[in-house]
Amino acid sequence: MQSSNQEIANLFRRLATLLEIDEQNPFRVRAYRNAAETIEALSVPLARLVDEGVDLTEYPHIGREIAQMIATVVETGHLPALDEVARRVPPELADLMDVRGLGAKGVKALHDHFNLTSLDDLERAAREGRVRELSGFGPRKEEALLEGIRELRARPHQRTRGVDAERVAEPLREYLTAVAGVERVEIAGSYRRRCETVGDLDLLVACSDGEAVMAALVAYPDIERVVSHGATRSTVVLAGGLQVDVRAVEAGSFGAALLYFTGAKQHNVALRQRAVDRGLKLNEYGLFEGERNLAGADEVDVYRALDLAWIPPELREDHGEIDAAAEGMLPALITVEAVRGNLHAHTTWSDGKQSLEEMVDAARARGYEYLAITDHGPAVRVANGLTPDRLRAQLDEVAALDERLDDITLLTGCEVDILADGTLDLPDDVLARLDVVVCSIHYHLRQSREAQTERVLRALDNPHFMIWGHPTARDINRRAPIDIDLERCLAAAAERGVVVEINAQPKRLDLSDRNARLALDMGCRLSINTDAHRDIHFDFLRFGVDQARRAGATAADVINTLDVADLRRMLRSG
DNA sequence: GCCGTTTTCGGCCCGACTGTTTTCAGTCG
């Protein structure tokens, strides 16, 4: 069994943590963490890169040594350095670092004095009041650790989906905006970078009186507990468990602070290094030459002072965007406004919650130039999938409705099921009549990688296969993606002119940002679709656009930006 | 351990808050 990139990254993270507890060179520790970040962000399996003899040191934060270590992991499944440090440091100690307020120093001290290795051991020692005896610890710390353990047990670290984060973030933003003296509030962090999930929320407030803002924050009704409360920075946990960090700055520093709190961390580190290279210093208050503040009120000015174009938050991951900004080569990212229509939507003909007419009205209200009606094929029985006869009946209704409307073009279609053996659940003569054929996997999600790959490759051979719907069938936080050789399938899709979907349902976001990047690299075109099952689902479009932007997609990469004539031509020619 | 428009050594982002201290280390982001 070959290790996935994620598994390899986790090995390096664990190695870093154990070395940190073992008080090894902190820069070496950081080097392993940096390498883990790089590995996680790769869209191509390391196993394949190693097999093909690709020079891994071309990637950032991977040098000769780590490249060799990666090769060893790929070949043996083991990281010898990890086995080696595990002889000195019990590997279970790494888990203790997940307790809020406990870092490497604390873990080492606790282990050295009490010989404890588990969460249970720690809890017992704290309850018995023994932890406070330790130098550097005290009663408050002891209580905080017990609270941290409770928190960890209650909520095993799961990230919050962007759409769910929005529901709590926007009301809080409004609340803080209403505080006297507040000029501006932005939600920064991974939320602003439009990541599919967020670990916490970072709110930035421009104001003259930070203490007033912090006082208002801790009085917010929806708070479960206050973790820290300072004059310019506080951390709270909202009911429901989402952590919120709020930072107050003066307007003159807002841009620099927004830059800093938007991240990603690696992007910040790279920017700060760029500042240092120019004899400057970048922090959340501004870009400084000695005492002189060169830029700070506006993000654009900070980037410009570093000889960079402003970088959209979605690209700030230290994946080459800084070099691109320096060379004026940043992509013109696709926008919601550029999307003219939707090619995947359901009605009450199958499992949609609203009628054909209602869905069409909703699309018109949103200014779509075209809408494809793609109810399920017969295999999806629970969704009342369409038999060939029912589909033919629907085609007549869609055509009749289209005839009556002159502000939108209705396209006929179907979301066809890719069956376990790679055949489709409607016959070719029916598919041949449709404007849009979306092909998706809904069942048999646990086939082996080989079987899953063959299944999709076979389906792709069907000449009517136009759009590959939610390709990995994942449900964020609930169902893992199917196991499939995505690269091989995307290559086949590109070859056959099959378009790959970014399904904009917030629980799916499938393809993901990284996989969409891979699809573009393989030469595929994308289609961003809402997969709407009711009218308000059309508003999910922006979540799909977010992921396309994170993938670096331009309008030209996305077929929904075509006008209807070009779209028809493109879909017919394949 | 990585990195390099000051390139094979000598750096490595920077600041706020907390608790334990008595001037600061640890943790976090």
Yes or no: A:Gly199 closer than 17 Å to A:Glu284 by Cβ and within 12 Å of DNA strand B (Cβ to nearest atom)? no
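Per-residue answers, yes or no, for (1) of a type in the set (Val, Ile, Thr); (2) modelled with pLDDT under 90; (3) closer than 28 Å to A:Arg542 by Cβ:
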residue: A:Val246; (1), (2), (3): yes, no, yes
residue: A:Thr262; (1), (2), (3): yes, no, yes
residue: A:Asn293; (1), (2), (3): no, yes, no
residue: A:Tyr303; (1), (2), (3): no, no, yes
Of the numbered conditions (1) closer than 26 Å to A:Ala41 by Cα; (2) modelled with pLDDT of 90 or more, A:Ala270 fails exactly one; give the number of that condition. (2)
Among the numbered criteria (1) near DNA strand B (Cβ under 9 Å from one of its atoms); (2) over 30 Å from A:Ala504 (Cβ atoms), which one does A:Leu116 miss? (1)
List pairs: first in the stretch A:398-417 and assigned to a strand (DSSP E or B), second of a type in the set (S, T, N, Q), Cβ under 6 Å, 6+ apart or cross-chain? A:Gly413/A:Thr374; A:Cys414/A:Thr374; A:Glu415/A:Thr374; A:Glu415/A:Ser440
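If I ask for residues that are of a type in the set (A, V, I, L, M, F, W, C) and surrounded by 15 or more Cβ atoms within 10 Å (Cβ to Cβ), which ones from the stretch A:252-279 would you list?
Step one: list which residues in the stretch A:252-279 are of a type in the set (A, V, I, L, M, F, W, C), which gives A:254, A:256-259, A:261, A:264, A:269-271, A:275-276.
Passing the criteria: A:Phe254, A:Ala256, A:Ala257, A:Leu258, A:Leu259, A:Phe261, A:Ala264, A:Ala270, A:Leu271, A:Ala275.
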Failed criterion for A:Ala332 (all others in (1) in contact (Cβ under 8 Å) with a residue 40 or more places away in the chain; (2) surrounded by 17 or more Cβ atoms within 10 Å (Cβ to Cβ) hold): (2)
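Would you point out which residue out of A:Glu289, A:Glu284 is within 15 Å of DNA strand B (Cβ to nearest atom), touching a helix residue (DSSP H, G or I) at 6+ places or on another chain (Cβ under 7 Å) and either without any contact (Cβ under 8 Å) to a residue 24 or more places away in the chain or charged (D, E, K, R) (or both)? Spell out how you get there, then give the answer.
Details: A:Glu289 fails: touching a helix residue (DSSP H, G or I) at 6+ places or on another chain (Cβ under 7 Å).
Sole residue among the options that is within 15 Å of DNA strand B (Cβ to nearest atom), touching a helix residue (DSSP H, G or I) at 6+ places or on another chain (Cβ under 7 Å) and either without any contact (Cβ under 8 Å) to a residue 24 or more places away in the chain or charged (D, E, K, R) (or both): A:Glu284.
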Quick one: would you say A:Leu526 is in contact with an Asp or Glu (Cβ under 7 Å, 6 or more places away or on another chain) and either modelled with pLDDT of 95 or more or under 23 Å from A:Glu415 (Cα atoms) (or both)? yes
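In the stretch A:83-99, which residues are within 12 Å of DNA strand B (Cβ to nearest atom) and either in a helix (DSSP H, G or I) or aromatic (Phe, Trp, Tyr) (or both)? Walk me through how you get there before you give the answer.
Step one: list which residues in the stretch A:83-99 are within 12 Å of DNA strand B (Cβ to nearest atom), which gives A:84-85, A:93, A:96-99.
Correct list: A:Glu84, A:Val85, A:Leu93, A:Leu96.
Do we find that A:Tyr220 is near DNA strand B (Cβ under 10 Å from one of its atoms) and out of contact with any Lys or Arg (no Cβ under 8 Å at 6 or more places or on another chain) in this structure? Reasoning before the result, please.
On the way: near DNA strand B (Cβ under 10 Å from one of its atoms): no; out of contact with any Lys or Arg (no Cβ under 8 Å at 6 or more places or on another chain): yes.
No, not satisfied.
From the list A:Leu102, A:Leu110, pick out the single residue that is within 12 Å of DNA strand B (Cβ to nearest atom), assigned to a loop (DSSP other than H, G, I, E, B) and closer than 12 Å to A:Ile21 by Cα.
Values: A:Leu110 fails: assigned to a loop (DSSP other than H, G, I, E, B).
Every option except A:Leu102 fails the conditions.
Checking the conditions here, which among A:Leu49, A:Leu19, A:Leu116, A:Leu11 is in a helix (DSSP H, G or I), of a type in the set (A, V, I, L, M, F, W, C) and free of Cβ contacts under 8 Å to residues at least 24 places away in the same chain?
Numbers: A:Leu19 fails: free of Cβ contacts under 8 Å to residues at least 24 places away in the same chain; A:Leu116 fails: in a helix (DSSP H, G or I); A:Leu11 fails: free of Cβ contacts under 8 Å to residues at least 24 places away in the same chain.
The unique qualifying residue is A:Leu49.
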In the stretch A:124-142, what count of residues is obtained for those that are part of a helix (DSSP H, G or I) and either near DNA strand B (Cβ under 8 Å from one of its atoms) or under 12 Å from A:Leu102 (Cβ atoms) (or both)? 7
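Out of the residues in the stretch A:35-46 meeting the condition of being modelled with pLDDT under 90 and assigned to a helix (DSSP H, G or I), tell me which one is farthest from DNA strand B (Cβ to nearest atom).
Within the stretch A:35-46, the first condition is being modelled with pLDDT under 90, and the residues that meet it are A:37-38, A:40-45.
Okay, now just the ones that are also assigned to a helix (DSSP H, G or I), so A:37-38, A:40-41.
Details: A:Glu37: 11, A:Thr38: 8, A:Glu40: 15, A:Ala41: 13 Å.
Top of the filtered list is A:Glu40.
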Hey, among A:Arg458, A:Arg496, A:Arg488, which residue is in contact (Cβ under 8 Å) with a residue 40 or more places away in the chain, basic (Lys, Arg) and under 24 Å from A:Thr423 (Cα atoms)? A:Arg496
Top-ranked residue in the stretch A:72-82 [being more than 12 Å from DNA strand B (Cβ to nearest atom) and free of Cβ contacts under 8 Å to residues at least 24 places away in the same chain; ranked as surrounded by the most Cβ atoms within 10 Å (Cβ to Cβ)]: A:Thr72
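For the structure I just gave you, tell me whether A:Ile223 is more than 26 Å from A:Arg478 (Cβ to Cβ) and buried (at least 19 other Cβ atoms within 10 Å of the Cβ). Working first, answer last.
Numbers: more than 26 Å from A:Arg478 (Cβ to Cβ): yes; buried (at least 19 other Cβ atoms within 10 Å of the Cβ): no.
No.
The rows are residues; the columns are (1) over 14 Å from A:Phe254 (Cβ atoms); (2) within 21 Å of the chain's Cα centre (by Cα); (3) buried (at least 17 other Cβ atoms within 10 Å of the Cβ).
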| residue | (1), (2), (3) |
| --- | --- |
| A:Lys281 | yes, no, no |
| A:Glu284 | no, no, yes |
| A:Leu287 | no, no, yes |
| A:Arg292 | yes, no, no |
| A:Ala297 | no, no, yes |
| A:Tyr303 | yes, no, yes |
| A:Arg316 | yes, yes, yes |
| A:Glu321 | yes, yes, yes |
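Take the residues of the stretch A:443-497 that are assigned to a strand (DSSP E or B) and in contact with a strand residue (DSSP E or B) (Cβ under 8 Å, 6 or more places away or on another chain): which is nearest to A:Ala516 (Cα to Cα)? Can you show your working first?
Looking only at the stretch A:443-497, we keep the residues that are assigned to a strand (DSSP E or B), and these are A:467-468, A:475, A:479.
If we keep only those that are in contact with a strand residue (DSSP E or B) (Cβ under 8 Å, 6 or more places away or on another chain) as well, we get A:467-468.
Numbers: A:Ile467: 14, A:Trp468: 12 Å.
Ranking the candidates gives A:Trp468 first.
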In the stretch A:176-183, is there at least one residue being among the hydroxyl-bearing types (Ser, Thr, Tyr) and either in contact (Cβ under 8 Å) with a residue 40 or more places away in the chain or within 15 Å of DNA strand B (Cβ to nearest atom) (or both)? no
Out of (1) among the small types (Gly, Ala, Ser); (2) within 19 Å of the chain's Cα centre (by Cα); (3) within 30 Å of A:Leu119 (Cα to Cα), the one A:Gly230 does not meet is (2)
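Filter the stretch A:143-163 for residues that are outside any helix (DSSP H, G or I) and at pLDDT 90 or above and give the result.
Keep residues of the stretch A:143-163 that are outside any helix (DSSP H, G or I), which gives A:155-161.
If the condition is that a residue be outside any helix (DSSP H, G or I) and at pLDDT 90 or above, then A:Thr160, A:Arg161 are the ones that fit.
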Looking at (1) surrounded by fewer than 16 Cβ atoms within 10 Å (Cβ to Cβ); (2) farther than 19 Å from A:Glu147 by Cβ; (3) free of Cβ contacts under 8 Å to residues at least 60 places away in the same chain, which is the only condition A:Ala35 fails? (1)
What is the number of the single condition among (1) at pLDDT 90 or above; (2) within 9 Å of DNA strand B (Cβ to nearest atom) that A:Pro60 does not meet? (1)
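The values are calculated or read from the model by the stated rules, or taken from the named source; none is laboratory data. Note that the coordinates shown come from a computational prediction; the quantities given were computed from them, not determined experimentally. We place every Cβ from the backbone using ideal geometry, glycine too, and count neighbours over all the protein chains shown.
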